[in-house]
Amino acid sequence: VSACCFAFADDAPPAKITWHTNLDAALTAAKTSGKPVMVGFAAEWCHFCKQFDTETYVDPKVVALSAKFECVKVDVDKEDAVCVKYGVRSVPTIVFLSGDQEALRTIGFSPAPVLLAKMRLALDNQKLVAEIPDLKAKANANPPDAASVARLGHVYAATEKDEKAFPLLDQAAKLDQ
């Protein structure tokens, strides 16, 4: 019986989230693993960041799903350039990256069920953001391809980048007339 238990021990979910020590390490690991990156921007003085650590990041379902990501925490007080690069203006902020594209972003504290939904959406969005370079090229062609402009708008809407989505959807509607 004990041999049976040991045979399945490796299939058990991790007891806690495995965090990379810096963003570069996470991005390098992501290139090898093909996983998206979950970047948690936080600060030691931030109450809600601590709440993530004590409530959300320890939830067994969050821990289990985190194995599908390369996870890294960024201290906003120590890594200003990274915060500027990703447009982080408040903490906590979680940015999900797929390759060099942002797949999703969440700002503020999220209880475990909300973060789980965001993590699943980020995984789904991986395929969408992979389309962005090709769609941008077709949308910026002369003349622009209306279907590509519309699709790019839909991809940005799905990744919650409404400030990019709405102008493209408006442009696609005008091109289609």
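The values are calculated or read from the model by the stated rules, or taken from the named source; none is laboratory data. If you're wondering where the values come from, they're calculated on a predicted model, not measured in any experiment. Cβ sites come from the backbone with ideal geometry, for glycine too, and all protein chains shown count toward neighbours. Each accessible area value is taken on the protein alone, full model and side chains, heavy atoms only, with ligands, DNA and RNA left out. Shrake-Rupley method; radii C 1.70, N 1.55, O 1.52, S 1.80 Å.
Below, the figures for the structure above:
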quantity	calculated
Odd one out for Ala43 among (1) closer than 23 Å to Asn125 by Cα; (2) open to solvent by less than 20 Å² (accessible area, probe 1.4 Å)	(1)
Selection from segment 19-46 of residues that are farther than 16 Å from Val76 by Cα and in a helix (DSSP H, G or I)	Ala25, Ala26, Leu27, Thr28, Ala29, Ala30, Lys31, Thr32, Ser33
Segment 76-110, residues that are closer than 16 Å to Val37 by Cα and charged (D, E, K, R)	Lys85, Asp100, Glu102, Arg105
Selected residue [within 28 Å of Lys50 (Cα to Cα) and buried (at least 17 other Cβ atoms within 10 Å of the Cβ)] from Leu168, Leu97, Leu152, Leu135	Leu97
